[in-house]
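The values are calculated or read from the model by the stated rules, or taken from the named source; none is laboratory data. Source: prediction; values computed, not measured. Note that we place each Cβ from the backbone using ideal geometry, even for glycine, and neighbour counts take in every protein chain shown. These accessible areas exclude ligands, DNA and RNA; they are computed on the full protein's heavy atoms, side chains included. Shrake-Rupley method; radii C 1.70, N 1.55, O 1.52, S 1.80 Å.
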Amino acid sequence: MFCMKKFFKKDEPARDIRQNNLKVGVQLMGSLLVCYPEVTAINYDPEKDWLELSFMVRKPVPEGRKLDDFLDFLRESLEVYHEMEEGLCVWSSVSLEEQHDTLMIQVVRNLGDLSRGELEVMAELMVDRFGDSLLVDRHTEENLPLEFANMHSEILDQLLDQPQELAIKERIAAVRENDRVVVYNR
């Protein structure tokens with residue numbers, strides 16, 4: 001009408017890059033939650049390039065399952081995994097937070113060297129240790145529509161295989177809400 005697009009056109013490439021970075025972040029977070037129903041929430045801090053994965057466990061914890069021992073075991077297992085698979089020493093932090101009738105176990109990692117194998121190790125160790133006490137979304141890859149599950153699995157593989165593409169500039173959080181995955185920038 002008034003050729004306003006031409007007037008604002010020089011600002012579009014910067015906005016496109018920012019939107020693309022946000023889109024990559026949304027795809028990553030959403031696919032992580034779809035592929036790993038054991039993960040309850042994810043937070044990403046671009047300044048530190050840290051990804052925080054949260055797992056929730058109902059109290060009381062099954063007998064004979066000491067939490068401090070498990071946190072050390074989880075941290076050591078992740079270190080051994082990286083040394084054996086990639087020959088790398090990778091930084092990670094594992095912590096525990098109590099909230100009323102649940103425990104939240106948080107694993108903080110650098111996003112750039114996160115691998116699918118490491119995610120598998122985390123999920124398996126959580127299920128093995130806490131069993132039915134671990135809050136797991138009922139929408140697992142096995143009972144989602146095959147095409148939907150495969151799409152998110154492929155997206156996750158592609159994004160994790162190309163860490164240089166993961167130049168996410170926004171603080172992003174993802175949570176499960178009822179039957180949905182909600183991803184938002186903070």
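Each row is one residue, and each column tells you yes or no for (1) of a type in the set (A, V, I, L, M); (2) open to solvent by 50 Å² or more (accessible area, probe 1.4 Å).
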| residue | (1), (2) |
| --- | --- |
| Phe73 | no, yes |
| Glu76 | no, yes |
| Leu96 | yes, yes |
| Met104 | yes, no |
| Val108 | yes, no |
| Gly117 | no, no |
| Glu120 | no, yes |
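Which residue is nearest to Leu135 (Cα to Cα), if the candidates are limited to the stretch 147-186 and must be over 15 Å from the mean Cα position of the chain (by Cα) and among the small types (Gly, Ala, Ser)? Among those residues, the one meeting the criterion is Ala149.
Glu63: in a loop (DSSP other than H, G, I, E, B), open to solvent by 30 Å² or more (accessible area, probe 1.4 Å) and free of Cβ contacts under 8 Å to residues at least 40 places away in the same chain, yes or no? Yes, satisfied. One residue alone among Leu78, Leu146 is touching a residue at least 12 places away in the same chain (Cβ under 8 Å) and not small (Gly, Ala, Ser), and that residue is Leu78. Candidates are the residues of the stretch 78-127 that are under 12 Å from the mean Cα position of the chain (by Cα) and outside any helix (DSSP H, G or I); the one that is nearest to Ile172 (Cα to Cα) is Leu111.
So that you can scan it fast, the table gives a plain yes or no per residue for (1) open to solvent by 50 Å² or more (accessible area, probe 1.4 Å); (2) within 10 Å of Ser31 (Cβ to Cβ); (3) touching a Ser or Thr at 6+ places or on another chain (Cβ under 8 Å); (4) in a loop (DSSP other than H, G, I, E, B):
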{"site": "Phe148", "(1), (2), (3), (4)": "yes, no, no, no"}
{"site": "His152", "(1), (2), (3), (4)": "no, yes, yes, no"}
{"site": "Leu156", "(1), (2), (3), (4)": "no, yes, yes, no"}
{"site": "Leu159", "(1), (2), (3), (4)": "no, yes, yes, no"}
{"site": "Ala173", "(1), (2), (3), (4)": "no, no, no, no"}
{"site": "Val181", "(1), (2), (3), (4)": "yes, yes, no, no"}
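Evaluation of Asn150 against the conditions (1) within 26 Å of Val94 (Cα to Cα); (2) of a type outside the set (D, E, K, R); (3) modelled with pLDDT under 85 shows that the sole unmet condition is (1). The residues of the stretch 44-60 that are farther than 19 Å from Glu120 by Cα and either of a type in the set (Gly, Ala, Ser) or surrounded by 12 or more Cβ atoms within 10 Å (Cβ to Cβ) (or both), listed by number, are Tyr44, Asp45, Pro46, Asp49, Arg58.
Can you confirm whether the stretch 26-43 contains a residue that is modelled with pLDDT under 90 and open to solvent by 80 Å² or more (accessible area, probe 1.4 Å)? No, the stretch 26-43 has no match at all.
Among the residues examined, Phe130 qualifies as in a helix (DSSP H, G or I) and touching a strand residue (DSSP E or B) at 6+ places or on another chain (Cβ under 7 Å).
Figure legend. Inter-residue proximity from the stretch 15-30: first residues within 15 Å of Met151 (Cα to Cα), second residues aromatic (Phe, Trp, Tyr) and at pLDDT 80 or above, beta-carbon distance below 8 Å, spacing 6+ or different chains. Indicated pairs: Met29/Tyr44.
All conditions but one from (1) touching a residue at least 12 places away in the same chain (Cβ under 8 Å); (2) out of contact with any Pro (no Cβ under 9 Å at 6 or more places or on another chain) apply to Glu97; the one that does not is (1).
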